[in-house]
Amino acid sequence: MRDVAIIGVGMIKFGRYPEKTVPELAAQAALLALKDAGADMKDIELLTSGNLYQSNAMVGQRILQIIGQTGIPVVNVSNACATGSTAFREAYMAVASGAYDVAMAIGSEQMGKMGLLGGGGTGGDPAYSTEGVLGSGLMPAVFGMAGVEHMRKYGTTMEQFAKVSVKNHKHSMHNPYSQYQVEVGLEDVLNARVVAWPNTLYMCCPTGDGAAAAIVCSMEKAKQFTSKPIKVSASVLTSDPWTQRDLTMPDINTLTRNAAKEAYEKSGVGPEDLDLIELHDCFATAELLHYENLGICGEGEAGRMIDEGQTYIGGKIPVNASGGLLSKGHPLGATGVANICEVVWHLRGEAGGRQVEDAKVGLAHVIGLGSACTIHVLEKV
Amino acid sequence: MAEAPTAEKTRKPIVPFLRIPDDPAEKPYLLGSRCKDCGATYLGKRMACSKCFSTQPMDEIKLSDRGELHVFSIVHQSAPGVPTPYVAAIVDLPEGVSVRCNIEGVEPDPKNLKFGMPVELVTNKIRTDREGNDVIAFSFKPA
């Protein structure tokens, strides 16, 4: 497997664009990435398109119908919230294998009002729907319970989870791509209406529309496009291994730990070497669990980490300098590519007011329930 | 030939692993399967063991009607028709399997829920299906 570099990235500001179609949103991001790479469609040999809600509707091909019908292979990818990052990984693998020199991954989503509650019916008589009758399988409760498990094990408090929201909203003030750029205080977060305890409204990521794109290239060819290639040092994908409660209570921890271990081994980088992390804070509770899952602190120490402000920009290990999903929003297919774009910008020194000083190594993490976890380690060369 | 349905025939479980005995004097119970090769225990019937990959037919076991509260969340926003707030929970059963359920009989406030508290199975009719059958669901309540 040969070295692969990211030569171009682009995303649109996440928000609501009901007047646009999904391929139009995706095309905008793609054109930004092509411009960033100094490339055009004739250079792209493979397209992977990550989109969930229109996964049966050939979004990848419809994007090419807007930006360039070159007849290249298109793979439409879905992997829950890890859709975009899986699309990125497929592009990476295609180039790493030597089969292709340049590939583009585009993640996109248009969610309307459905959000994380919608999608997937009972497929039959609704009298047999178990949602809200036999507990809840929807994301707010799943991540509520994951947080409560941390409370049970370590005495983590609702306030500590709420601090994640305060941090990420503060970070978003410097991110023009973020759907929301609003500072919130701890009391605002705690007093907001509860969605699924302990997560209040500001502790849940907003739904919205968005798109992001990244272009990968073999490292040797990368210099033809950019003076700032960013190396993909590890691209890892795991699914949920058998654990005692996983089939009933989705285990978001084991598959993340497995992915992190593999990513650190493959890249030769350890958690202590990371300059920034963009992780999957779909809910505030998730972020603290992932501090431990990614090994940036010891077991049960995540509460103390957030109390001490260690994960703020300027802190020991900035987490979600972009504002995270909590501020940026979570257009499902786009997220996994967007957090790669963010890490790339920091490694190039192009992250503006939210720039992490002297960033050389970053990690992008996504988890899709059902479950899939991707971790990418990116390095400045 | 038409037959007047008896009360037992029109009681249908909301999920296949909730067993409603024909004899109304017998309590409904949760059905489990246990892998003969590795002992992993599951709700309902399984085609194979997702832990050790065995395809040996599993032992069917009647799961206990008592368990412990592992974790919960208080849900305030749900699908249409679901009364909120309610307690969504994961209950651990002694056979080594967990079940997703609501906790009834307690005000939905974290103060009222203790980790590890003993809970017991209750069943109730929640809806009528398209064919007029009673749909029976289960929940757990403090024991």
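The values are calculated or read from the model by the stated rules, or taken from the named source; none is laboratory data. Model, not experiment: these values are computed from the prediction. With ideal geometry, Cβ positions are generated from the backbone for all residues, glycine too; neighbour counts draw on all protein chains shown.
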message = Filter the stretch A:151-196 down to the residues that are under 11 Å from A:Gly303 (Cβ atoms) and away from every other protein chain (no Cβ under 14 Å) and list them by number.
response = A:Gln160, A:Lys163, A:Val164
key: Selected residue [touching a strand residue (DSSP E or B) at 6+ places or on another chain (Cβ under 9 Å), more than 22 Å from A:Gly135 (Cβ to Cβ) and either of a type in the set (Asp, Glu) or outside any strand (DSSP E or B) (or both)] from B:Lys27, B:Lys114, B:Lys36   = B:Lys36
task = Scan the stretch B:63-84 and report the pairs whose first residue is more than 7 Å from every other protein chain (Cβ to nearest Cβ) and surrounded by 17 or more Cβ atoms within 10 Å (Cβ to Cβ) and whose second residue is of a type in the set (S, T, N, Q) and outside any loop (DSSP other than H, G, I, E, B), with Cβ atoms within less than 7 Å and a gap of 6+ or a chain change.
result = B:His70/B:Ser98
ask   = Checking B:Gly67 against (1) touching a Leu at 6+ places or on another chain (Cβ under 6 Å); (2) over 24 Å from B:Ala143 (Cα atoms); (3) not acidic (Asp, Glu), which test does it fail?
value = (2)
key: Criterion violated by A:Leu138 - all others in (1) within 14 Å of chain B (Cβ to nearest Cβ); (2) at pLDDT 95 or above; (3) in contact with a helix residue (DSSP H, G or I) (Cβ under 8 Å, 6 or more places away or on another chain) satisfied   = (2)
Of the criteria (1) within 10 Å of another protein chain (Cβ to nearest Cβ); (2) in contact with a strand residue (DSSP E or B) (Cβ under 6 Å, 6 or more places away or on another chain); (3) farther than 25 Å from A:Ala141 by Cβ, which one B:Cys52 fails = (2)
query = Could you list, in sequence order, the residues of the stretch A:21-44 that are surrounded by fewer than 18 Cβ atoms within 10 Å (Cβ to Cβ) and of a type in the set (Asp, Glu)?
reply = A:Glu24, A:Asp40
query = List the pairs whose first member sits in the stretch A:48-64 and is among the β-branched types (Val, Ile, Thr), whose second member is in a loop (DSSP other than H, G, I, E, B), and whose Cβ atoms are under 8 Å apart, counting only residues at least 6 apart or on separate chains?
reply = A:Val59/A:Asn51
key: Set B:Ser73, B:Ser64, B:Ser78, B:Ser50: member being at negative phi, part of a strand (DSSP E or B) and of a type in the set (Ser, Thr, Tyr)   = B:Ser73
note = Of those in the stretch B:85-111 that are facing chain A (nearest Cβ under 10 Å) and assigned to a loop (DSSP other than H, G, I, E, B), the residue nearest to the chain's Cα centre (by Cα) is B:Gly96
key: Given (1) surrounded by 15 or more Cβ atoms within 10 Å (Cβ to Cβ); (2) more than 30 Å from A:Thr157 (Cα to Cα); (3) not polar (S, T, N, Q), index of the condition B:Phe140 fails   = (2)
ask   = Here are some conditions: (1) farther than 28 Å from A:Ala162 by Cβ; (2) away from every other protein chain (no Cβ under 14 Å); (3) assigned to a loop (DSSP other than H, G, I, E, B). A:Pro241 meets all but one. Which one does it not meet?
value = (2)
ask   = Which of the residues belonging to the stretch B:3-24 are outside any loop (DSSP other than H, G, I, E, B), at pLDDT below 85 and either loosely packed, with under 11 Cβ neighbours inside 10 Å or in contact with a strand residue (DSSP E or B) (Cβ under 6 Å, 6 or more places away or on another chain) (or both)?
value = none
ask   = So which residues in the stretch A:191-218 are buried (at least 18 other Cβ atoms within 10 Å of the Cβ) and in a helix (DSSP H, G or I)?
value = A:Tyr202, A:Met203
task = Please determine, by comparing only the residues of the stretch A:221-236 that are assigned to a strand (DSSP E or B) and among the small types (Gly, Ala, Ser), which one is surrounded by the most Cβ atoms within 10 Å (Cβ to Cβ).
result = A:Ser235
ask   = Quick one: is B:Phe115 under 24 Å from A:Val194 (Cα atoms), surrounded by 16 or more Cβ atoms within 10 Å (Cβ to Cβ) and either at the interface with another protein chain (Cβ under 9 Å from one of its Cβ atoms) or not acidic (Asp, Glu) (or both)?
value = no
task = Kindly establish whether A:Gly112 is part of a loop (DSSP other than H, G, I, E, B), out of contact with any strand residue (DSSP E or B) (no Cβ under 9 Å at 6 or more places or on another chain) and surrounded by fewer than 17 Cβ atoms within 10 Å (Cβ to Cβ).
result = no
task = Check off (1) acidic (Asp, Glu); (2) in contact (Cβ under 8 Å) with a residue 40 or more places away in the chain; (3) assigned to a loop (DSSP other than H, G, I, E, B) for A:Glu342 and give me the number that stays unchecked.
result = (3)
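Residues are listed down the side, and each one gets a yes or a no for (1) free of Cβ contacts under 8 Å to residues at least 60 places away in the same chain; (2) buried (at least 24 other Cβ atoms within 10 Å of the Cβ); (3) out of contact with any Cys (no Cβ under 7 Å at 6 or more places or on another chain):
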residue	(1), (2), (3)
A:Leu326	no, yes, no
A:Ala334	no, yes, yes
A:Val337	no, yes, yes
A:His346	no, yes, yes
A:Gly349	yes, no, yes
A:Gly362	no, yes, yes
A:Ile367	no, yes, no
A:Ala372	no, no, yes
query = So which of A:Asp240, A:Asp273, A:Asp281 is touching a residue at least 60 places away in the same chain (Cβ under 8 Å), of a type in the set (Asp, Glu), touching a Leu at 6+ places or on another chain (Cβ under 6 Å) and over 30 Å from B:Val15 (Cβ atoms)?
reply = A:Asp281
request  = Just name the residue that is surrounded by the most Cβ atoms within 10 Å (Cβ to Cβ) out of those in the stretch B:118-137 that are more than 11 Å from chain A (Cβ to nearest Cβ) and among the hydrophobic types (A, V, I, L, M, F, W, C).
outcome  = B:Val119
